[in-house]
Amino acid sequence: MKRDGRTLDHKTLEEIRRMAVQRVYEGERPSTVIASYGFSRQVIYKWLGQAKGKGRGLRALRSRKGTGRPRRLTGKQEQQLFRWINGKDPRQHGFDFGLWTRLVVRKLIADKFGASLGVTAIGKLLAKLGLTPQKPLTRAYQRDPAAIEAWKHDTYPSIARRAKKRGAEIYFWDESGFRADAVQGRSWGVKGQTPIVAVPGQRQSVSAASAVNAKGGFWFATYKGGMSAELFLAMLKMLMRHRKKPLFLVLDSLPAHKAKIVKNYVASTNGKLELYFLPGYAPELNPDELVWNYMKRTGTAKSPLVAGDSLHDRIDADLLKIQKNVPLVRSFFRGEYVVYISD
């Protein structure tokens, strides 16, 4: 609203309304009061009408937020928003939270463009941009992207060339653990009523190690507890037994894998066994990870134990099935993050 050609803000106008009506209530003439504020005569009667009525009074004269459709983003702004979100972390824009939510996006838009959009409008905008809510993959912040790229483009190709020259086989090694009371995957049920899956009351757990080769070779062993240097050494000796060709073993940097007794044994093979270590915090580079993913989506994971069943026996049986299925073993090397092995 304007007074004497000047535009008044909502707060100032609210105060004028309240003071004007209060002065009328105290006995002053409406025409005199409104003239002192520079408004037309009709305005004071409108304000008096708003304040009239039981339970209303001067509260009825408070300013209200303007209604109407919020300002939309321009096409250029929408594309800029997409670039800010796609593949980026909210923390890169100063937020404390690491996941994109509609509220976070709403705040980003308000900060960058000065536009205020509702949460529903934010959802529609994200859908328009081709962005959908998804469960993100986690990656350790200690990862070294440069080391990962060097492994894929320089280190591993060098290992492969050396293996070919020496007639060696390359295997990838990894370990995993299994529990009888672990339920993998999801099950349908009535909304609001979580399905119940019966599992053994007695806890059983077993660990497993395996080594996988791009040509379909598969070796495995099961054991109890965690991996120690002594146990790893014993498994290496089993893996090397009756082996004619040199073996290049690619694995992670678990302390047991780098223990002194392991290094001494490797040295004693006079080059028949060589260990190569993956970059830290990059398990996706190891195709043996896909073996465990497969194990936990099928077999024992989808068929919980019944009374009298042995988890150890079931895991052994599942791993044996994989070992006999050469095409399946080869398929583990076609995963998105391990194609560098066959390039």
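Figures for the structure shown
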item	result
Count of residues meeting criterion [within 15 Å of the chain's Cα centre (by Cα), open to solvent by less than 70 Å² (accessible area, probe 1.4 Å) and farther than 16 Å from Leu131 by Cα] in segment 81-105	1
All positions within segment 270-296 that are open to solvent by less than 40 Å² (accessible area, probe 1.4 Å) and part of a helix (DSSP H, G or I)	Glu284, Leu285, Asp288, Val291, Trp292, Met295
Answer from Lys296, Lys260 - the residue that is modelled with pLDDT under 95 and out of contact with any Phe, Trp or Tyr (no Cβ under 6 Å at 6 or more places or on another chain)	Lys296
Test set (1) more than 30 Å from Glu336 (Cβ to Cβ); (2) at pLDDT 95 or above; (3) open to solvent by 20 Å² or more (accessible area, probe 1.4 Å) - His242 fails condition number	(2)
Hits in segment 220-229 (condition: more than 24 Å from Tyr281 (Cα to Cα) and open to solvent by 40 Å² or more (accessible area, probe 1.4 Å))	Lys224
Residue in segment 254-264 that is assigned to a loop (DSSP other than H, G, I, E, B), closer than 14 Å to Glu169 by Cβ and not charged (D, E, K, R) present	no
Given (1) within 16 Å of the chain's Cα centre (by Cα); (2) modelled with pLDDT of 90 or more, index of the condition Tyr141 fails	(2)
Pair list, Cβ under 8 Å, 6 or more apart: segment 318-343 residue more than 15 Å from Ala160 (Cα to Cα), other residue among the polar types (S, T, N, Q)	Asp318/Thr298; Asp318/Thr300; Leu319/Ser210; Leu319/Thr222; Val329/Asn213; Val329/Gln323; Arg334/Ser342
Flag if Ala267 is modelled with pLDDT of 95 or more, loosely packed, with under 14 Cβ neighbours inside 10 Å and assigned to a helix (DSSP H, G or I)	yes
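Table: residues versus (1) under 28 Å from the mean Cα position of the chain (by Cα); (2) at pLDDT 55 or above; (3) open to solvent by 80 Å² or more (accessible area, probe 1.4 Å); (4) more than 29 Å from Ser253 (Cα to Cα).
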residue: Ala160; (1), (2), (3), (4): no, yes, no, no
residue: Phe172; (1), (2), (3), (4): yes, yes, no, no
residue: Arg179; (1), (2), (3), (4): yes, yes, yes, no
residue: Gly189; (1), (2), (3), (4): yes, no, no, yes
residue: Val199; (1), (2), (3), (4): no, no, no, yes
residue: Ser207; (1), (2), (3), (4): yes, yes, no, no
residue: Gly217; (1), (2), (3), (4): no, yes, no, no
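The values are calculated or read from the model by the stated rules, or taken from the named source; none is laboratory data. Quick caveat, the model's predicted, so the values are computed rather than measured. Positions of Cβ are generated from backbone atoms using ideal geometry, with glycine treated the same way; all protein chains shown enter the neighbour counts. Just the protein is used for accessible areas: all its heavy atoms, side chains included, with ligands, DNA and RNA removed. Shrake-Rupley method; radii C 1.70, N 1.55, O 1.52, S 1.80 Å.
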